[in-house]
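The values are calculated or read from the model by the stated rules, or taken from the named source; none is laboratory data. Please read these numbers as outputs of a predicted model, since none were measured by experiment. Here the Cβ positions follow ideal geometry from the backbone for every residue, glycine too, while neighbour counts run over all protein chains shown.
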Amino acid sequence: MYKSMINVYFKMRRVAISAICACACACTNHSEDKVEPLYNIVPDIRSCSAGEVSQEEKNKVLVYVNKLREAYGLPAVEYDKSRDAITQKAALLGASKATVDETPSSDDECYVPDASAGWGASVLSLWGSASSKWTTSDVHINDFLMEKGRSDLKRRRALLNPFLSKISFGRVIGTPRRGDYQYVSVAALHVKSDDADLSEKNIPEIVAFPRGVCEAKFLDLHLVLNFSVVSNKLARANNTADFSNATVEVLAGSQPATVSDVEYDNLPEGLPNNLQWKVNGLNKGITYTVRITNVVIDDESKDYEYTFSFK
C-alpha cells in the first residue's frame, strides 16, 4: 500500500514536470513566432527568398522615424513603396552574410543587382544573437542614431538629414549562411531620395545630436556627439562650413567637461558638413551646454550654443 502510494506520487510528479516542460517549450515557440506578424511574406535566408515586410510594420517604422526627426525640429518624411523591393533584398544580403560592414560582391550568397542597389542607397543595422530571433524594429532605428562603435556617423547623418524626404524599410530575420550568430536581424532603411525643398520650412539652423532632453536609452559612455549647420535651405549642398579653426567647449552643469576626439569633414553624408567629438563621463540628470566658436561660413565667423540632457 505504501509502495503503491509512492509510485502514484512519482507518476504524478513526472506528469507535472512534463506539463511544465511543455509549457516552457510552448512559451519559447510562441516568442519565436513573433517573427511572423512582421511580414506579409516571411523571408527565408537559406533559399535567398527576401520576403515582404507588412504594411503595419512599415507604418510603425515611419511613425518612429518621424517622431525622432520631430524631436530635432526636422520635417517628416514620406514612405516610398516603390523602393521596398531593393531595400528588402539589401536586408536579405546583410542577413545572409551576417554583416553590414562589407561592400557587396557578386560572389556573395543571395547577391542580386537589386540587393547591391538597395545596399548603396540604404543605411543598415545588424542585431545578432545565439539564442533568440526577436528584437523590435525601433532597436535598429535607434542603432542608426547611436552609432555605437562607429566614427563615420553616416547612418545618424542620413537619419537626421533635413533634406531627406522619403524612406522605405526592409528587415530580414533568420539564421545566416555564415558567421557565428545563430540568429540575425538585419534592417535596411532606404535614405536616398530627392532633396526636400525647405525654403518655406521652419527648420533649425543647426542639427546636433544629442540636443534637448533625450531619453536615457540614447546615453552611452562612448557616445560620439556631432553638429552640422544648415546655411542653405534650397539644396543639401551645405558644404561651405569651415571647422578648421573651430573650438568645442562643453559644460556639465557649471563645470567644464573633458572634450576629446574632435574631428570634422565635409563628406556628402546627410548634411555635408560635420563636427564631432566625445565628452568624458556623460551621465543622466545633468544639463550639458555646448559652445562651438569660430565656425566660418561664406567668410563669416559664427558661434553656436545649445544644451542637452538625458532623463
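Name the residues in segment 97-117 that are more than 10 Å from residue 50 (Cβ to Cβ) and of a type in the set (Gly, Ala, Ser), would you?
Correct list: 98, 105, 106, 116, 117.
Kindly provide the set of residues from segment 184-210 that are at pLDDT 95 or above and more than 18 Å from residue 160 (Cα to Cα), ordered by number.
Matches in segment 184-210: 184, 185, 186.
Since residue 295 meets every condition but one in (1) of a type in the set (Val, Ile, Thr); (2) surrounded by fewer than 20 Cβ atoms within 10 Å (Cβ to Cβ); (3) over 22 Å from the mean Cα position of the chain (by Cα), which condition does it not meet?
Looking at each condition in turn, residue 295 falls short on (2).
Among what's in segment 142-164 and is of a type in the set (Gly, Ala, Ser) and modelled with pLDDT under 95, pick the residue that is nearest to residue 50 (Cα to Cα).
Going through the qualifying residues, I end up with 149.
Being in contact with a Cys (Cβ under 8 Å, 6 or more places away or on another chain), modelled with pLDDT under 95 and either closer than 23 Å to residue 47 by Cβ or assigned to a helix (DSSP H, G or I) (or both), is that true of even one residue in segment 106-117?
The answer is yes, given that some residue of segment 106-117 is in contact with a Cys (Cβ under 8 Å, 6 or more places away or on another chain), modelled with pLDDT under 95 and either closer than 23 Å to residue 47 by Cβ or assigned to a helix (DSSP H, G or I) (or both).
Determine, yes or no, whether residue 231 is touching a residue at least 60 places away in the same chain (Cβ under 8 Å), of a type in the set (S, T, N, Q) and in contact with a Ser or Thr (Cβ under 6 Å, 6 or more places away or on another chain).
The answer is no for residue 231.
Residues in segment 105-124 that are of a type outside the set (A, V, I, L, M), more than 17 Å from residue 178 (Cα to Cα) and surrounded by fewer than 22 Cβ atoms within 10 Å (Cβ to Cβ): how many?
Summing the residues that are of a type outside the set (A, V, I, L, M), more than 17 Å from residue 178 (Cα to Cα) and surrounded by fewer than 22 Cβ atoms within 10 Å (Cβ to Cβ) in segment 105-124 gives 4.
Please enumerate the residues belonging to segment 128-171 that are in a helix (DSSP H, G or I) and under 25 Å from residue 45 (Cβ atoms).
Scanning segment 128-171 gives 137, 138, 139, 140, 141, 142, 143, 144, 155.
Assuming residue 63 fulfils every condition listed in (1) at pLDDT below 95; (2) within 16 Å of the chain's Cα centre (by Cα); (3) of a type in the set (Val, Ile, Thr) apart from one, which condition is it?
(1)
Within segment 84-101, does at least one residue satisfy the condition of being modelled with pLDDT under 95, under 25 Å from the mean Cα position of the chain (by Cα) and outside any helix (DSSP H, G or I)?
yes
Just checking, which of 122, 129 is modelled with pLDDT of 95 or more and either not assigned by TED's automatic domain parsing to the domain that holds residue 64 or not acidic (Asp, Glu) (or both)?
Working: 129 fails: modelled with pLDDT of 95 or more.
After applying the criteria, what remains is 122.
Based on what the data block shows, is residue 283 crowded, with 16+ Cβ neighbours inside 10 Å and either without any contact (Cβ under 8 Å) to a residue 60 or more places away in the chain or in a loop (DSSP other than H, G, I, E, B) (or both)?
no
Every residue in segment 167-201 that is in contact (Cβ under 8 Å) with a residue 60 or more places away in the chain, in the same structural domain as residue 61 (by TED's automatic domain parsing) and over 20 Å from residue 115 (Cβ atoms), please.
180
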